[in-house]
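The values are calculated or read from the model by the stated rules, or taken from the named source; none is laboratory data. Small disclaimer: the values here were computed from a predicted structure and weren't measured. Here Cβ is always computed from backbone atoms with ideal geometry, including for glycine, and neighbour counts include all displayed protein chains. All accessible areas refer to the heavy atoms of the entire protein, side chains included, with ligands and DNA or RNA removed. Shrake-Rupley method; radii C 1.70, N 1.55, O 1.52, S 1.80 Å.
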Amino acid sequence: SWNRWALEVAADGGGRLHPVAHLTLRDLDWLDRQLPALAAGGIRLAMIAPALVDGRPLSHPDLDRAWAAFIEHDIAPVFHVANQQRPFDEAWYASDPEPTNPVLSSVFLWVPAALAISDLVVNGVLERRPELRIGVIELSAVWLPMFLMYLDGGVRFVTRLHGKAITDLPLAPSDYVRRQVRVAAFSYERPERLIQRVGDLFMCCSDYPHSEGTAQPLDDYRALDDTTSDPAGAPGLYRDNAAWLLGRGNGA
């Protein structure tokens, strides 16, 4: 039902609105029917869970068919906040009667996406599928520099310890992230500093109109005393990276 409504919104928007489909990888036959219908209606992004699929990691060979289908139909999977399968033992959530524990959902908001990306990089999915684009939305961005450092360092350590890597990776693990992943960054995360550390991988975001979002997101970015306060000084943050994620290429 959501996906049918998203198609209506995309049609009404005339190219200015980009609703995000919701998909599961648990039924690949259903996925194969959904993706061409979504693509034909102009949908370019689809939310999936950064989580195990019936006990299988996202890099499992059974799921390679899904990544091929995303590429074929030019739709980018994105990770976002949702009540998805959790990366931690359920006992950690027991203190909260609500479905979401505030400590785990806020402090460790980024962990599922980081874990999923690590799996896709280390086990060779992004090496085999260089056309696959991935977005990380509203899961914060300040974790990315540390994550990329540990991603490279962890693979180097294991390779040195055992004499070989799990998968042959011609590039540094972090380079696959730079090539194929874009991450939304709130203004208070000081995106200029993040860009300086790891490169131009970030997109502006707000979560508007949710109550926990920022009420005046553009004003918040304009108030920054750096190059990202002006869209002309940060085209990747304001335009090009989102355009790339939508399959439009830079500046489109």
Quick one: how many residues across the range 198-218 are open to solvent by less than 60 Å² (accessible area, probe 1.4 Å) and at pLDDT 90 or above?
7
Output the residue which, of all residues in the range 170-197 that are among the β-branched types (Val, Ile, Thr) and either assigned to a loop (DSSP other than H, G, I, E, B) or touching a strand residue (DSSP E or B) at 6+ places or on another chain (Cβ under 7 Å) (or both), is surrounded by the most Cβ atoms within 10 Å (Cβ to Cβ).
Val183
Across (1) in a loop (DSSP other than H, G, I, E, B); (2) in contact (Cβ under 8 Å) with a residue 24 or more places away in the chain; (3) more than 18 Å from the chain's Cα centre (by Cα), Asp200 clears everything bar (3)
